[in-house]
Amino acid sequence: MDYRFIHGSVPLVEVILQKDQKITSIKNGSYVSSRGKVKAKSMLNIRKGHILSGNVVTTEYSALSDSSIIFSPIVCDGLEHLTLSEGEKLIVERDNLFLADSTVKLSGYSLRNRMNISLLRTLISDLDVFPILVNGPGDIIISGYGGIVKMDLENIPIKIDGEHIIAYDPAVNTKLVRVGGLREILFSREGFSHVEMGGRGKVYLQHGVRLSHSSGSGIIDLINIFR
C-alpha cells in the first residue's frame, strides 16, 4: 500500500492499493473517487469504547483488483502520514483520525482515568474526554486545522493550548496547568485550557483550531459569530 498527497486549495490523499488490501475511513463522506474495482463496507462498532470515542460507524474499502482511492477531509488544511510498528500506540483526538490500515486496531480511551481528574476539568482541558487509542502495526493519516507539526519531547515539559493537540504517545505525561483567569477566558480564551506534557515521546500539534476558522478569540468575540 502506498500514499500520495495531492495539494490544492484543499489537500487530497490518494491511497494506492494492491489486490485484497483494505483501508478504513474514519470520517464518513471523505470518499472522492476511485480507479479499479473497489468494494465499500460500513462497519458498525457498538462496543463501549467505540461509542464513547465517537467512531461508531466507519467505512472499510477493499481492493478487488489493483486500485486507488482519493479521499478528502471535509474540513481541514493539513494531512500527515504516520507508520506505526508492531505494538506501537498513539492517542489521537477523534476529530483528527482520518484513515487507517485494516491492520491497525482502534479502541476507545478514557482521558479522565489517564489524568486522574474530574470530568469537568477534563472538559476544560479542550482535549477529548474519550479519544481514540490507535495500535499498530500499520499506517494512519491524521488531519489538522492548518499545518501539522511533530514535537519530540526530551524530558523537558512544554505547556500547550489543548485545542492544538491532535495526537501523542501514551508514554507522554500529561497534566492540567492554569496560566490565566476569568478575564483571560472571556477576552482571549486563554486560562484553563493549557496542558503540560513531559517525559519522552511524540506530540503532534495543529497550527489552527476550529474557532480560528470561524471568527473570534474569546467568548465575547464568539458572540459576533451569531450576528
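Per-structure values
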read-out	value
Tally, over the stretch 83-106, of residues that are in a strand (DSSP E or B) and surrounded by fewer than 19 Cβ atoms within 10 Å (Cβ to Cβ)	3
Members of the stretch 134-153 found to be in contact with a Gly (Cβ under 9 Å, 6 or more places away or on another chain) and farther than 16 Å from residue 207 by Cβ, listed by number	135, 136, 137, 152, 153
Residue tally, condition within 23 Å of the chain's Cα centre (by Cα), hydrophobic (A, V, I, L, M, F, W, C) and either part of a strand (DSSP E or B) or at pLDDT 95 or above (or both), over the stretch 41-69	4
Criterion (closer than 26 Å to residue 74 by Cβ and either within 16 Å of the chain's Cα centre (by Cα) or modelled with pLDDT under 90 (or both)) met by exactly one of 124, 156, 117, 165	165
Any chance residue 183 is over 17 Å from the mean Cα position of the chain (by Cα), over 30 Å from residue 6 (Cβ atoms) and modelled with pLDDT of 90 or more	no
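The values are calculated or read from the model by the stated rules, or taken from the named source; none is laboratory data. Quick caveat, the model's predicted, so the values are computed rather than measured. Ideal geometry is used to build each Cβ from the backbone, glycine not excepted, and the neighbour counts take in all protein chains shown.
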